[in-house]
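Colleague: What follows is a single structure, and I will ask about it in a moment.
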Amino acid sequence: MIYLILLAGIILRLISLNQSLWLDEATSALVAKMPITDIFTKFLPGDFHPPLYYLILKYWSSVFGYSEVSLRIPSVIFGVLTIYVSYLIAKDIFDKKTAIVSSLFIATSGLAVYYSQEARMYCLALLLVSVSIYLFTHKKWVIFSIILLLIGATDYVALFIIPIFFIVNFKNWKKIALCLIPLVIGIIFWMPVFISQFGNGISITGSAWWNILGSPSFKNIILIPIKFMLGRITFDNKSIYSIIIIGTSIVFGYLLLKTIKTSKLLWAWLTVPIIIGLVISFKIPTLSYFRFLFCLPAFYILLAKGIDFKTFSGKLLFILVLAINISSTSYYLFNPKFQREDWRLAAATIKDDKVVLPADSQKEALTYYKKGNQIVSIADLSRSNHQVWLSRYVWEIFDPKDSTRKKLEDLGYNKAQEYNFNGVVFWKYIKK
C-alpha cells in the first residue's frame, strides 16, 4: 500500500510541473548558473538563506539543465521521500494503519504538492526535519547530528525544531547537546555571512516588506492552519471561503483534539517551531506559513491517529479529509489561476520591446526568460523606443511614490493597455 501511495504522490507532483517560474524560483535558477565563488561572495551575503539548497540545485542543473521541470525535480524527490519518512515515523509512534493513512494525507496535501513543485529550499527542509525526527526516535545520534547540520545549511527557520528534542527527551540532554557540535562548528564558520544576512533582515523593519515576509499579525497567524488544511487555493467570494474554512476547521480540529494526549513528540513538532517563529517575528519577519512547511507531517500524522475506522463517523471523517486534500490539490494543479506568476507568458508578450522596472530586484524572472537585455532605466530610453512596458509588479513596495510611472508619463508616454499574467502586472505605454 505504501508503494501505491508513493506512486500517487509522484504522479500528483509531476502534473503541471512545467508552469512558469515565479520570481524567487527564477532567482534560484540564476544562482545555480553562478560560479561557486560568486554564490558565496556576491549572492549569499544579501540573501536570507543558507547555501545547501543552492549548491544542490547548481550541481543538479549542471547535469540535467535549467528548464522549469528540471529545476523543480529535486523538490519533487524531496517531497516524495518525505511521504515515506513520515510513514516510518507514524508506524514507529503509533501503528501501520495510522502510518498508511497519514502518508496518504501527505501525498495528497495541497500544500505539500505545491511546495514539492517549487524550486526553493522549503521541501528540502521538510525532508531533513522529518529525517531528524525519525533518527531521534531511533537514537541514531551520529547521523542525527549530521542531519541537524544539514538543516542549518538549508533553512534557518527549520532550526526551530531543535528545542523539541530537549522538551521530549530531556533525560538525554547531554547526548542531544553533543549532537549539536557539528551544527555549532558550521555556524561559527558561517557567521560572517550570517551577520551580513541578519543586517539585511533587520534593515527592512517597519517597511512594506516587513508585512509580506511575515510580521506578527493575526492574519499571518491564522493563515498557518488555513494553508495547512486547504493549501494555496482561495476564493474571490469571501463568504464561501469563510464557510469552507469553518467547515474544514471543525473536521480537522475535532480529529486533532482526539489526539491531544497521544504523542508529546508530534505535538511539540507541530506547535513549538510556530510559537518560536511568532516570538522571533517581532524582531525578524519569519511568520509566513510556508516557512513552517516542515511541521506538516506532524499535522497529518495526528489527524490520521484521530480517525477510528471502527465507526461510521471515523470512516466519514477519513473521506472528508481525503476529499478536502484532493479537491485543494486538483484546484491548484488544473486551474492556472491558483498556479504561479506567469513571467514566461509576460516575456513572450513583451517580445522585443524595452521594459522599465521600479527596482532591480524584479529582474530575475525576465532575465531567466531571456529578456534581461531589454530592461532599461528611464534615463536610457531613446526616441526610437516608441513602445515601452512598465512593470507594476508589487510597485507599492519597490516604488511607493510611483515615481517611475510619473517619470515615464512626463516623457510623453501614454498608457495603452494593461496586462495581468497571473499576478504579474504590466502596463504597455506608447509614446505620443
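The values are calculated or read from the model by the stated rules, or taken from the named source; none is laboratory data. Only a predicted model underlies this, so the values are computations on that prediction, with no experimental measurement involved. When we count neighbours, we look across all protein chains shown, and the Cβ atoms used for this are built from the backbone with ideal geometry, even at glycine.
Colleague: For the stretch 329-354, name all the residues that are buried (at least 16 other Cβ atoms within 10 Å of the Cβ), free of Cβ contacts under 8 Å to residues at least 60 places away in the same chain and under 20 Å from S20 (Cα atoms).
Modeller: Within the stretch 329-354, S330, A347 meet the criteria.
Colleague: Are any of the residues in the stretch 299-312 under 30 Å from N200 (Cβ atoms) and not assigned by TED's automatic domain parsing to the domain that holds Y419?
Modeller: Within the stretch 299-312, not a single residue is under 30 Å from N200 (Cβ atoms) and not assigned by TED's automatic domain parsing to the domain that holds Y419.
Colleague: List, please: which pairs have Cβ atoms under 8 Å, are six or more places apart or on different chains, and start with a residue in the stretch 300-323 that is surrounded by fewer than 14 Cβ atoms within 10 Å (Cβ to Cβ) and end with one that is among the basic types (K, R) and modelled with pLDDT of 95 or more?
Modeller: F309/K97; F309/K315
Colleague: Ok, one more. Out of all the residues in the stretch 103-119, is one or more touching an Asp or Glu at 6+ places or on another chain (Cβ under 6 Å), modelled with pLDDT of 95 or more and either farther than 22 Å from L270 by Cβ or in a loop (DSSP other than H, G, I, E, B) (or both)?
Modeller: yes
Colleague: A follow-up question, please. What is the one condition in (1) farther than 30 Å from G372 by Cα; (2) of a type outside the set (V, I, T); (3) under 24 Å from the mean Cα position of the chain (by Cα) that F309 does not satisfy?
Modeller: (3)
Colleague: Out of the stretch 20-53, which residues are surrounded by 20 or more Cβ atoms within 10 Å (Cβ to Cβ) and of a type in the set (G, A, S)?
Modeller: Hits for the stretch 20-53 are S20, A26, S28, A29, A32.
Colleague: Hey, another quick one. Output the qualifying pairs, or none if there are none: Cβ atoms under 7 angstrom, residues six or more apart or on different chains, first residue in the stretch 218-229 and farther than 10 Å from L296 by Cα, second residue of a type in the set (G, A, S) and at pLDDT below 95.
Modeller: Listed pairs, sorted by first residue: N220/G214; N220/S288.
Colleague: One residue is enough: does the stretch 42-50 have a residue meeting the conditions over 25 Å from Q197 (Cα atoms) and of a type outside the set (S, T, Y)?
Modeller: For the stretch 42-50, residues over 25 Å from Q197 (Cα atoms) and of a type outside the set (S, T, Y): absent.
Colleague: List the helices (runs of 4 or more DSSP H) inside the stretch 138-200, counting only whole elements, that have at least 1 residues being of a type in the set (G, A, S), surrounded by 16 or more Cβ atoms within 10 Å (Cβ to Cβ) and out of contact with any Pro (no Cβ under 6 Å at 6 or more places or on another chain).
Modeller: Counting at least 1 such residues, we get 141-152.
Colleague: Still on this structure: Taking the criterion of being farther than 17 Å from H49 by Cα and either touching a Ser or Thr at 6+ places or on another chain (Cβ under 9 Å) or at pLDDT below 90 (or both), would at least one residue in the stretch 192-205 satisfy it?
Modeller: yes
Colleague: Any idea which of (1) touching a residue at least 60 places away in the same chain (Cβ under 8 Å); (2) of a type outside the set (S, T, Y); (3) in the same structural domain as K91 (by TED's automatic domain parsing) is the one A365 doesn't satisfy?
Modeller: Unmet condition: (3).
Colleague: Now for a different question. Could you grab the pairs with beta carbons closer than 6 Å, sequence gap of 6+ or different chains, first residue in the stretch 181-196 and outside the structural domain of D47 (by TED's automatic domain parsing), second one outside any helix (DSSP H, G or I) and surrounded by 11 or more Cβ atoms within 10 Å (Cβ to Cβ)?
Modeller: Correct list of pairs: empty, since none qualify.
Results for (1) closer than 16 Å to G423 by Cβ; (2) within 26 Å of the chain's Cα centre (by Cα); (3) surrounded by 14 or more Cβ atoms within 10 Å (Cβ to Cβ), shown as yes or no for each residue.
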| position | (1), (2), (3) |
| --- | --- |
| S327 | no, yes, yes |
| E364 | yes, yes, yes |
| N373 | no, no, no |
| K407 | no, no, yes |
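Colleague: Same structure again: Those residues that are buried (at least 18 other Cβ atoms within 10 Å of the Cβ) and of a type in the set (A, V, I, L, M, F, W, C), I need them from the stretch 257-273; list them, please.
Modeller: L265, L266, W267, A268, W269, L270, V272
Colleague: Further, regarding this structure: Identify all residues within the stretch 125-135 that are surrounded by fewer than 24 Cβ atoms within 10 Å (Cβ to Cβ) and in contact with a Phe, Trp or Tyr (Cβ under 7 Å, 6 or more places away or on another chain); write none if there are none.
Modeller: Step one: list which residues in the stretch 125-135 are surrounded by fewer than 24 Cβ atoms within 10 Å (Cβ to Cβ), which gives 131, 134-135.
Once the filter is applied, which keeps residues that are surrounded by fewer than 24 Cβ atoms within 10 Å (Cβ to Cβ) and in contact with a Phe, Trp or Tyr (Cβ under 7 Å, 6 or more places away or on another chain), the stretch 125-135 yields only L135.
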